[in-house]
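Colleague: Encoded as structure tokens, here's the structure I'll be asking about.
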Amino acid sequence: QVLLLESGGGLVQPGGSLRLSCEVSGIIASYYTMAWYRQTPGKQRELVAVSARDGSTNYVDSVTGRFTISRDNAKNAVYLQMNKVIPEDTAVYYCNADRSDDFGSTFWGQGTQVTVSS
């Protein structure tokens, strides 16, 4: 019943911008820590950006200042604004909703491919 539906991925040139969307159903996203992860073949899944329930955000150093995670609670959606992208940003990006600490629940989107290339 829980669904995290991602969109917005695709091909973008270096220096360009992309906005990923995560539409959430079945749970109330504001009750969960929301995060974006990314994974490249042969590498471990990396936490990119997190939006905690208390409103705080955090980013991996490599994207700090370029990426912004945000929420639209009215739409039950989460976004990742990606600016000044570089080829190293190329990965499959996953939306995650987590309350594993107290609910014992974590949910994942299907993943969306972002390719940064000229």
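The values are calculated or read from the model by the stated rules, or taken from the named source; none is laboratory data. It should be emphasised that the depicted structure is a prediction, and the values quoted were computed from it without experimental measurement. When we count neighbours, we look across all protein chains shown, and the Cβ atoms used for this are built from the backbone with ideal geometry, even at glycine. To get the accessible areas, we keep the full protein, side chains included, count just its heavy atoms, and leave off ligands, DNA and RNA. Shrake-Rupley method; radii C 1.70, N 1.55, O 1.52, S 1.80 Å.
Colleague: Compute the length gained on full extension between Gln44 and Asp61: take 0.36 nm times their separation in residues and subtract their Cα-Cα distance, giving the result in nm to one decimal.
Modeller: Taking Gln44 through Asp61 to full extension adds about 4.5 nm, to one decimal.
Colleague: Please name whichever of Val12, Gln44, Cys22 sits farthest to the positive end of the charge dipole of the chain, dipole taken about the Cα centre and charges placed at Cβ: Lys and Arg +1, Asp and Glu -1.
Modeller: Val12
Colleague: Calculate what fraction, in whole %, of the accessible area of the chain sits on carbon and sulfur atoms when a 1.4 Å probe is rolled over the protein chains.
Modeller: Of all accessible area on the chain, carbon and sulfur atoms account for 48 percent.
Colleague: Applying 1/(1 + (r/R0)^6) with R0 = 25 Å to the Cβ-Cβ distance of Gln110 and Leu11, what FRET efficiency is obtained, to the nearest 0.05?
Modeller: Between Gln110 and Leu11 the formula returns 0.85.
Colleague: Place a point 7 Å from the Cα of Lys75 along the Cα-to-Cβ direction; which residues of the range 1-32 have their backbone N under 14 Å from it?
Modeller: Of the residues in the range 1-32, 5-9, 19-25 have backbone N under 14 Å from the label point off Lys75.
Colleague: OK, next. Heavy-atom accessible area per residue, the chain, 1.4 Å probe: how many Å²?
Modeller: 54 Å²
Colleague: Related question: For the range 62-118, report the % of Cα-Cα distances exceeding 18 Å.
Modeller: For the range 62-118, the fraction of Cα-Cα distances above 18 Å is 47 percent.
Colleague: Can you tally the net charge around Ser17? Count Lys and Arg as +1, Asp and Glu as -1, for every other residue whose Cβ sits under 12 Å from the Cβ of Ser17.
Modeller: +2
Colleague: For the range 12-64, what is the Kirkwood hydrodynamic radius in Å, using each pair of distinct C-alpha atoms?
Modeller: Taking every pair of different Cα atoms in the range 12-64, averaging 1/r and inverting gives 13.1 Å.
Colleague: Something else about it: Any idea what log10 I(q)/I(0) is at q = 0.09, 0.16, 0.19, 0.20 Å⁻¹ for the chain, Debye with uniform C-alpha scatterers and no solvent?
Modeller: The computed values of log10 I(q)/I(0) come out as -0.22, -0.69, -0.97, -1.07.
Colleague: When only DSSP loop residues count, what trypsin sites (Lys or Arg not before Pro) in the range 22-118 have their Cβ near at most 15 other Cβ atoms within 10 Å?
Modeller: Listed in order of number, the matching sites are Lys43, Arg45, Arg53, Arg66, Lys75, Lys84.
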